[in-house]
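The values are calculated or read from the model by the stated rules, or taken from the named source; none is laboratory data. The structure displayed is predicted, hence computed values, not measured ones. Cβ atoms come from the backbone with ideal geometry, glycine included; neighbour counts cover every protein chain shown. The accessibility values were calculated without ligands, DNA or RNA, using every heavy atom of the protein model including side chains. Shrake-Rupley method; radii C 1.70, N 1.55, O 1.52, S 1.80 Å.
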Amino acid sequence: MNKADYQKLVKRKSPKENWIKNGILVFISGGILGSLSELLLNCYATWLSIPRKDAGILVILTLIVISSLLTAFGVFDVLVNTFKSALIIPITGFAHSITSAALEYKNEGLILGIGANIFKLGGTVILYGVVSVYIFGLIRLLLVGG
């Protein structure tokens, strides 16, 4: 079998995704996640009598802890396969990448295992996040002024 025939076979046998169904699922599940985050924000602000800005930090920390725990228990990947990209918002996706790297390399020790490999995937997010902020900051400085 040559390469072209193999590619045709792969294309024919690969499952087709239902883009409309997935889009609706992501829209609904993302909306539910956003609503739960807003509910948490209001609860933290009310129960702890703190400004909404400070309560937002607690919401972010809560999302990080929940996604890290779900990753550790092996549930996060199942949820992402079910709800698609709605759960991979930057903060939960980043927490998932860090936690999965830590779990994958834990048997190699704290220094050469977890310490050396924890930012394997998360490092790219940090790198390109910092570079993007720098570039867009320069663009803003040039267009709007200091």
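If you filter the range 3-44 down to residues that are open to solvent by 50 Å² or more (accessible area, probe 1.4 Å), at pLDDT 90 or above and among the polar types (S, T, N, Q), you find that the one that is farthest from the chain's Cα centre (by Cα) is 42. Restricted to the range 105-141, and to residues there that are in contact with a Gly (Cβ under 9 Å, 6 or more places away or on another chain) and not small (Gly, Ala, Ser), the residue that is least open to solvent (accessible area, probe 1.4 Å) is 105.
Of 50, 91, 60, which residue is closer than 30 Å to residue 17 by Cβ and among the hydrophobic types (A, V, I, L, M, F, W, C)? Sole residue among the options that is closer than 30 Å to residue 17 by Cβ and among the hydrophobic types (A, V, I, L, M, F, W, C): 91.
Residues in the range 83-131 that are within 28 Å of residue 28 (Cβ to Cβ) and aliphatic (A, V, I, L, M): 9 in all. Condition first: of a type in the set (Val, Ile, Thr), touching a residue at least 40 places away in the same chain (Cβ under 8 Å) and open to solvent by 40 Å² or more (accessible area, probe 1.4 Å). Can you find one or more residues in the range 88-102 that meet it? Yes: one or more hits. Say we look at the range 45-79 and pick out the residues that are open to solvent by 80 Å² or more (accessible area, probe 1.4 Å) and among the hydroxyl-bearing types (Ser, Thr, Tyr); which of these is nearest to the chain's Cα centre (by Cα)? That would be 46.
Among the residues of the range 17-35, what is the count of those that are closer than 14 Å to residue 63 by Cβ and not β-branched (Val, Ile, Thr)? Reasoning before the result, please.
Kept after step one, since they are closer than 14 Å to residue 63 by Cβ, are these residues of the range 17-35: 30, 32-35.
Applying the additional criterion that residues be not β-branched (Val, Ile, Thr) yields 30, 33-35.
Here the count works out to 4.
Listed residues 49, 35; which is assigned to a helix (DSSP H, G or I), without any contact (Cβ under 8 Å) to a residue 60 or more places away in the chain and among the small types (Gly, Ala, Ser)?
Details: 49 fails: assigned to a helix (DSSP H, G or I).
Selected residue: 35, the only one of 49, 35 that is assigned to a helix (DSSP H, G or I), without any contact (Cβ under 8 Å) to a residue 60 or more places away in the chain and among the small types (Gly, Ala, Ser).
No other residue among 8, 16 is more than 28 Å from residue 100 (Cα to Cα), without any contact (Cβ under 8 Å) to a residue 60 or more places away in the chain and not in a helix (DSSP H, G or I) apart from 16.
Do the conditions hold for residue 99, that is, is it polar (S, T, N, Q), within 17 Å of the chain's Cα centre (by Cα) and assigned to a helix (DSSP H, G or I)? Working first, answer last.
Details: polar (S, T, N, Q): yes; within 17 Å of the chain's Cα centre (by Cα): yes; assigned to a helix (DSSP H, G or I): yes.
Taking the combined requirement at face value, the residue satisfies it.
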